[in-house]
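A short worksheet on the structure shown next.
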Amino acid sequence: MKDKLHRYKKLVSFLGDVMGEDAEIILHDVRDLENSVIAVSETNLSGRKIGSPVTNLILKMLIEGKKSNKSFITNFEGEAQDGTVLRSSTYFIRDENDEIIGMLCININFKKMEEAIRYLSDFVGVDLRSDGKEESNIDHLSPSIEDIAISSIKDIVSSMNVPSERMSQQEKLDVVNKLNDNGIFLLKGIVGIVAKELKTSEATIYRYLSKMKKNELNISFDAT
């Protein structure tokens, strides 16, 4: 199985050479989310390296790929550590059982395109820029698992307009449910980080997750 993913390493180098300095190619092994990056092209736009973990939006794409059986997802917006806007696309690599084992991602530096759009907007007197992107759809390429978890929690908590220390049990359950939908609990050691940010215990988080799993089973049984 390992060989199937590793064959894509040559494709990473090939696509990197073809697409040039404004494109970054990254190969993920999603069976090891904490050290998922196994190949990166020479053009390193995001600051990630071999052994880096997945990011928030990559996790969401993985969940969506598993649910929808999509072969690929294209043109979502990312943001590198220095604020550079990246246009990202992901191809899902599956095994013989159709399970996703890897993701081949292409990140393109959108800065030059933005400058061209800004120039044309000023020239023709019409704003051609699209500012309708929601913050939650932007992939901030965080350097660590803890950053990924904390970023996800803060995004969700801020959307509820209630500080975590003042949240009711149901509100905390809702946060855990949203984090679960985003795939955050696929990461090892994440329960402790979530518990700390929500000002509760790890046992409580495990209880919430168990409750959600039971609800999923009940829904499954009701549908049969």
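Key figures
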item	result
Neighbourhood net charge (10 Å Cβ-Cβ; Lys/Arg +1, Asp/Glu -1) for residue 183	0
Area of residue 173 that stays accessible when all protein chains are in place (1.4 Å probe, Å², to 10)	20
Violating pairs (Cα-Cα greater than 27 angstrom) within the set 188/214; 4/178; 60/199; 60/213; 9/213; 4/214	4/178; 9/213; 4/214
Whole-Hz couplings from phi, Karplus 6.51/-1.76/1.60, listed for the stretch 153-165; x for Gly and Pro	5, 5, 4, 6, 4, 5, 6, 8, 6, 9, x, 4, 6
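The values are calculated or read from the model by the stated rules, or taken from the named source; none is laboratory data. Quick caveat: nothing in here was measured; it's all calculated off a predicted structure. Every residue, glycine as well, gets a Cβ built from its backbone with ideal geometry; the counts of neighbours run over all protein chains shown. Note: accessible area is taken over every heavy atom of the protein model, side chains too, but ligands, DNA and RNA are not part of it. Shrake-Rupley method; radii C 1.70, N 1.55, O 1.52, S 1.80 Å.
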